[in-house]
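Heads up, the thing below is written out as structure tokens.
Bear in mind these aren't lab numbers, they're just calculated from the coordinates by the rules spelled out. Just so we're clear, the structure is a prediction, and the values are computed from it rather than from any experiment. Every residue, glycine as well, gets a Cβ built from its backbone with ideal geometry; the counts of neighbours run over all protein chains shown.
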Amino acid sequence: LADRLQNTIQKIKGKGKVTEQDVKEMTREVRLALLEADVNFKVVKDFIKKVKERAVGEEVMESLTPGQQVIKIVKEELSGLMGGDESKIAVADRPPTVIMMVGLQGAGKTTTTGKLANLLRKKYNRKPMLVAADIYRPAAIDQLETLGKQLNMPVYSAGTDTSPVDIANQAMVKAKEEHLDYVLIDTAGRLHIDGDLMEELIQIKNNVNPDEIFLVVDAMTGQDAVNVAESFNEQLDVSGVILTKLDGDTRGGAALSIKAVTDKPIKFAGMGEKLDQLEVFHPERMASRILGMGDVLSLIEKAQENVDEKRAKELEDKMRSASFTFDDFLEQMGQVRKMGPLDELLDMIPGANKMKGLKNVEIDEKQISHVEAVIQSMTAKERQDPSIINASRRKRIAKGSGRSVSDVNRLIKQFDEMKKMMKQMTNMQQGKKGKKGKK
Ligand code: GDP
Ligand code: MG
């Protein structure tokens, strides 16, 4: 999706004036891109209609930067499609707050139950209890108990002989006794939508009266995810959706369709198998990511957890002003390393997904050391102002770092491209500022 949209965006970005023909061409491309990304057909149709209406309206024609204005509209409509503003997690008037997790087998319910409990404790300082209500596979109970041990959190289970409804009821009593403030119920799934399962889930729902019912959906299943979401929602009236495996989904089709079809917000996104890889879902940022502008905000947020905040802010400013140097690049790589898997982070850097070369260089830890070696072989002056690095300097740097001249050339070229991308992004953001005055 990103690639396709980017081509169109590149075309339209520099334009001084956008004609109706341009808009037509662009919306056609966007439409194809969305369909290719497996977005629901009806959703695409409505989306294009909205964009067209706004794009041929005065909003664009009278703007100083019509091309950017069109992009802005696409972005706004995209994020609107995914839910507009981000939503919060419920808190019951009287604890415990009850969250029921539902979804198909393999969607990621059990894992996400653990992740959510972890997030509730870490971010909101809550005391959660996990409840093993999937009694059909003994392994499912073990899985949750293992998660509980890893997190050092209480797990309520009663083996496979007690009914899920009784387990849920007993867990509620226990949580009250122990003054825990969240109860997360991990329920059973099936491979397909199934009447018995729904019946059981409805019974649990009627007994414990959950404050939230989160439908866990596998993003990799694309259009199927939308159908699943629709039928679960019909039966259970879920309160929100958690989209898992977004780390493996390059198309983003499910994220785009689910809100539109079920009218339920996507609240969280699973970004990997580890217990800290659950993020609050930000429609606006997802829209940026889909549009290939990179998810600077998420990156900064992640950085703040691991890096000194002030330093992160400085780097952010530098990125925005596109004034950063090889020294900053070096430092950033060091920090990025601290933060976690590189490929995951790289997706968030503006334009990085466009630079296949850079991506390959960075994913491999060994390669990253090579990049560091090259930068370290540059003089302070060269790092500040790469434009002075001529052929003989390149040769010297290659020798000093033990890399080839073409390695050096490639890195410098990639660095230039990255700066260009950042500049573009900054311009785009300033365009927004100019129009709205603030934000
Ligand atoms: P359940 O049957 O719905 O309870 O699903 P599980 O929680 O057992 O998860 C099924 C598989 O998906 C496991 O191997 C998980 O590690 C994996 N999984 C869950 N969430 C994510 C995610 O966000 N990203 C990735 N890559 N894998 C995930
Ligand atoms: Mg499970």
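Structure notes:
- Residue by residue, the stretch 369-379 carries 3J(HN,Hα) couplings of 4, 4, 4, 4, 4, 4, 5, 5, 7, 7, 6 Hz when phi is fed to the Karplus relation 6.51 cos²θ - 1.76 cosθ + 1.60 (θ = phi - 60°); x denotes Gly or Pro.
- Cβ-derived FRET efficiency at R0 35 Å, GLN21 paired with SER231, nearest 0.05: 0.25
- Amide H contacts under 5 Å for TYR156, placed H, 5+ residues apart: LEU130, VAL131, ALA132
- If you model the stretch 95-215 as an ellipsoid using its alpha carbon gyration tensor, with each semi-axis the square root of five times an eigenvalue, the axes come out at 20, 15, 14 Å, biggest first.
- Packing-based ranking, highest mean first, of 198-205, 182-189, 218-225 given that Cβ atoms within 10 Å are counted: 182-189, 218-225, 198-205
- Summing charges over neighbours of GLU200, with a neighbour being any other residue whose Cβ is under 11 Å away from its Cβ, gives -2 when K and R count +1 and D and E count -1.
- Residues whose amide H falls under 5 Å from that of ASP218, counting only those 5 or more places apart or on a different chain, are THR244, with hydrogens built in the peptide plane.
- The stretch 66-168, dipole about Cα centre (Lys/Arg Cβ +1, Asp/Glu Cβ -1), debye to the nearest 20: 460 debye
- Residue-wise HN-Hα coupling along the stretch 199-216, computed from phi with Karplus coefficients 6.51, -1.76, 1.60 (Hz; x: Gly, Pro): 4, 4, 5, 5, 4, 4, 4, 5, 7, 9, 6, x, 7, 9, 10, 9, 8, 9
- Dipole magnitude for the stretch 178-220: about 120 debye, using +1 per Lys or Arg Cβ and -1 per Asp or Glu Cβ, origin at the Cα centre.
- Distances between placed amide hydrogens fall under 5 Å for LEU278 paired with MET271, all partners being 5 or more residues away or on another chain.
- Added length on full extension, which subtracts the Cα-Cα distance from 0.36 nm per residue, SER369 to ASN125: 84.0 nm
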